[in-house]
1. Tell me, please, whether a residue that is in a helix (DSSP H, G or I), under 22 Å from V67 (Cα atoms), touching a Gly at 6+ places or on another chain (Cβ under 7 Å) and aliphatic (A, V, I, L, M) can be found in region 108-125.
2. Only one residue in P36, P88 is open to solvent by 40 Å² or more (accessible area, probe 1.4 Å) and out of contact with any strand residue (DSSP E or B) (no Cβ under 8 Å at 6 or more places or on another chain). Which one?
3. I'd like the full set of residues that are within 22 Å of Y247 (Cα to Cα) and of a type in the set (S, T, N, Q), limited to region 185-206.
4. Being acidic (D, E) and crowded, with 19+ Cβ neighbours inside 10 Å: is that true of D145 here?
5. What pairs come out if I take residues in region 171-198 that are closer than 18 Å to T214 by Cβ and pair them with residues that are in a helix (DSSP H, G or I) and basic (K, R) whose C-beta lies under 9 Å away, six or more apart or interchain?
6. Would you check which residues across region 204-230 are touching a Ser or Thr at 6+ places or on another chain (Cβ under 6 Å) and part of a helix (DSSP H, G or I) and list them?
7. In region 148-159, what count of residues is obtained for those that are open to solvent by 10 Å² or more (accessible area, probe 1.4 Å), assigned to a loop (DSSP other than H, G, I, E, B), hydrophobic (A, V, I, L, M, F, W, C) and in contact (Cβ under 8 Å) with a residue 24 or more places away in the chain?
8. Among residues belonging to region 267-294 that are out of contact with any Gly (no Cβ under 9 Å at 6 or more places or on another chain) and within 24 Å of K133 (Cβ to Cβ), point out the one that is surrounded by the most Cβ atoms within 10 Å (Cβ to Cβ).
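The values are calculated or read from the model by the stated rules, or taken from the named source; none is laboratory data. Remember, predicted model here, so these are calculated numbers, not experimental data. Reconstructed Cβ throughout: ideal geometry from the backbone, glycine too, with neighbour counts over all protein chains shown. Surface accessibility is based on the protein's heavy atoms, side chains included, excluding ligands, DNA and RNA. Shrake-Rupley method; radii C 1.70, N 1.55, O 1.52, S 1.80 Å.
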Amino acid sequence: MSQFRIMRSMIKTSATSILLLLLVLLQTQATPKYTPTAFKVEIIGKGSPIILIPGLSCSGDVWQETVDRYKKNHELHVLTLAGFAGQPAIKADNFLETVRLDLAKYIRENNIKKPMVIGHSLGGFLGIWLSAKEPDLIGSLVVVDAAPFLPALISPVATPETMKPMAAQMRQGILSQTPEQLRQSQPQVLKMMISDEARIAQALEWNLASDAPTVAKAMYELYTTDLRPEMANIKTPAMFVAAWVAYKDYGTTHETTKANYTAQLAKLPNYELVINDKAKHFIMWDDQEGFFSALDGFMAKTGK
């Protein structure tokens, strides 16, 4: 009887050891080989890879509904950029380029095969830039309300040089604001971008938790970097989802939005343009049904 108890104890111990070993192996597999410094990343789900990049001052949590929808069949890499939404800032002379280079290294070093890259606003701009500079690294690209050169959506004759004085003023304006001034002024700005009050409050908290010098630098670089000449380098299928209704009082229409994007994407060989007629800037929040319908359709076409 005592021998039986000893054997049973040994079997339990062995089973426990195997279970612990499996847990360690699973945790090791979920941990990237290369840990980036220009952004935090959270990996959720299993399947073909998708990289989600949020916009200016936003947390990766802006993609929560997208994560919930696709995590069953996809491995989602959810980014929050350094200096945004409470993440520690980094020292970088060229912030956006530093993020782009670190993201390319993250994909390469962790052997992420042909990921779909989905970016909103500033994140969409980064997705365009990455696809243009690393045309063989990306499987497909989805850009949510962003363009190769943002100022040209407002003024087609804008150039990086002509935009430098305005961009410098914007940079200084961000740097000179106190947290209290930001709390007072930013809700009005966010109301132009988001319809839901609770979402506005969430975005405001992310703004307040962001590092002002990083935000100022990113904004300046966004307004003075023109990617239009590089569009021909992009080999992957791309979908651009654009919004306009928040600016209808200023003369913007579905037709003018389509024309402006078509002009900017003239050199892009393989793309689909979706003009959303319901949402403000945060399309994936304001019109989830329309956004997911467009994304599901694009995934079906590209085999993702």
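1. Yes, region 108-125 contains at least one residue that is in a helix (DSSP H, G or I), under 22 Å from V67 (Cα atoms), touching a Gly at 6+ places or on another chain (Cβ under 7 Å) and aliphatic (A, V, I, L, M).
2. Just a single option satisfies the conditions, and that option is P88.
3. S185, Q186, Q188, S195
4. Considered against the rule, which asks whether it is acidic (D, E) and crowded, with 19+ Cβ neighbours inside 10 Å, D145 comes out as yes.
5. Cβ pairs passing all conditions: R171/K217.
6. Once the filter is applied, which keeps residues that are touching a Ser or Thr at 6+ places or on another chain (Cβ under 6 Å) and part of a helix (DSSP H, G or I), region 204-230 yields W206, N207, V215.
7. 1
8. By that ranking, first place goes to L268.
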